[in-house]
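Down below is the structure, laid out as structure tokens.
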Amino acid sequence: MNGITFAEPLFLYLLLLVPVMIAFYILKQQKASASLRLPGLRAFVKSGSTFRNYLRHLLFALRVIAVILIIVVIARPQTTNRFQDVSTEGIDIMLALDISGSMLARDFKPDRLEASKDVATEFISGRPYDRIGLVVFSGESFTQCPLTTDHAVLINLLRQVQSGMIEDGTAIGMGLATAINRIKDSEAKSKVIILLTDGVNNRGEIAPATAAGIAETFGIRVYTIGVGSQGMAPYPVQTPFGTEFQNLPVEIDEGILREIAQETGGKYYRATDNNKLVQVYNEIDKLEKSKIDVRQYTRKDEKYLLPAIFACCLIILELFVRNTLFRNLT
């Protein structure tokens, strides 16, 4: 329901008559209050100012409210309900997110992992009709959320992701393979994996190139994103005095990431800061748009009955009070 609308809104201009009515009434009362002043009649000065005399204005107030309600009635207030019938050429998307210790580097704000989660959340929110899932990997990989259209649950699970949830390392091949396993049997017309990492494959039983070949076999497009600034970046390092940040070289295996994207018909991106990462997801979002056919149905419900009943009640009340309680004052 989208609030109250009026079928005949031009009649609402009649409400401009209300201030005229009030002004005319006030002017009439001022003229009616004139009286013949005679000396020596002080005892009778307050004789006409009874409580009932003041309440006579209630009759006019009832009439004004009734007039307002009648104008609203003839303007025909309505509530509008709109329904959408949506058909879509579905796209299934698996996000494969690196959560290794190096994702805590501070060349992104607040760090690579949190920046990646924030941007991925915006990406998910902008695709309400697609099924999206989440795989996380470091030294191992697992499915944080299977393909789902319940994006509220997916975003909540994404926010819970932290570095250190599983053994450290960078198993790019395993992360990609897990994502493939989750999406390969999908009946969607388009199957996509977005793989984000900041390192070099150094763990896992499946090589990234092998996983790319499997993805290509199942017709899965893989977009790869290398996250990290050029040159050096502040990495967290555990020391006897606690966690300290040291500037270490950024090492991303861009060669294998390009190879994965090229073999599967996707594209490789390098994100060197928060803004670049946002641009990357925006470009992927434009490249992978689902076709949506929307038919809209509108139903209007008339809502004039209640104000009409109130208006009738006020008119009846005014007539009753005028001819009983205030009969001698009007």
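From the helices alone, meaning DSSP H stretches of at least four residues, give me the mean residue ellipticity at 222 nm for the chain, per-run term -39500 (n - 2.57), in deg cm²/dmol to the nearest 500.
Numbers: 10 runs with 127 residues, N = 330.
When only DSSP H runs of four or more count, the value is -12000 deg cm²/dmol.
Of Lys109/Lys289; Lys117/Lys289; Lys267/Lys289, which pairs sit farther than 25 Å apart, going by alpha carbon to alpha carbon?
Numbers: Lys109/Lys289 29 Å; Lys117/Lys289 21 Å; Lys267/Lys289 15 Å.
With Cα atoms farther than 25 Å apart: Lys109/Lys289.
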In the neighbourhood of Glu8 defined by beta carbon distances under 14 Å, the net charge of the other residues (Lys, Arg +1; Asp, Glu -1) is +2
For Leu62, Leu195, what ranking results if the residue with the fewest other Cβ atoms within 10 Å of its Cβ goes first?
Leu62, Leu195
Putting +1 on Lys and Arg Cβ atoms and -1 on Asp and Glu Cβ atoms, find which of Gln262, Pro208, Ile99 reaches farthest to the positive end of the dipole of segment 90-290.
Gln262
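Which order do peptides 218-224, 232-238 fall in by mean Cβ count within 10 Å, highest first?
Descending mean neighbour count gives 218-224, 232-238.
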Calculate the translational D of the chain in whole µm² s⁻¹ from Stokes-Einstein, where the hydrodynamic radius comes from the Kirkwood formula applied to all Cα pairs, the temperature is 25 °C and the viscosity 0.890 mPa s.
95
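State, as an integer percentage, the relative contact order of segment 90-290 based on alpha-carbon contacts under 8 Å between residues 6 or more apart.
Numbers: 456 pairs, mean separation 47.7, N = 201.
Across segment 90-290, relative contact order equals 24 percent.
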Within the chain, which complete DSSP H helices have Cα atoms spanning at least 24 Å along the helix axis and a mean Kyte-Doolittle hydropathy of -0.5 or higher?
57-74, 305-322
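How much net charge surrounds Asp118 when only the other residues with a Cβ under 12 Å from the Cβ of Asp118 are counted, with Lys and Arg +1 and Asp and Glu -1?
Taking every Cβ under 12 Å from that of Asp118, the sum is +1.
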Just order 173-183, 277-287 by mean Cβ neighbour count inside 10 Å, highest at the front, would you?
173-183, 277-287
I'd like the antiparallel share, as a percent to the nearest 5, of DSSP beta bridges with both residues in the chain.
50
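Computed from the coordinates by the stated procedures, all read-outs in this text should not be read as laboratory data. Remember, it's a predicted structure, so these values are computed and weren't measured experimentally. Using ideal geometry, Cβ is built from the backbone for each residue, glycine included, and neighbour counts are taken over all protein chains shown.
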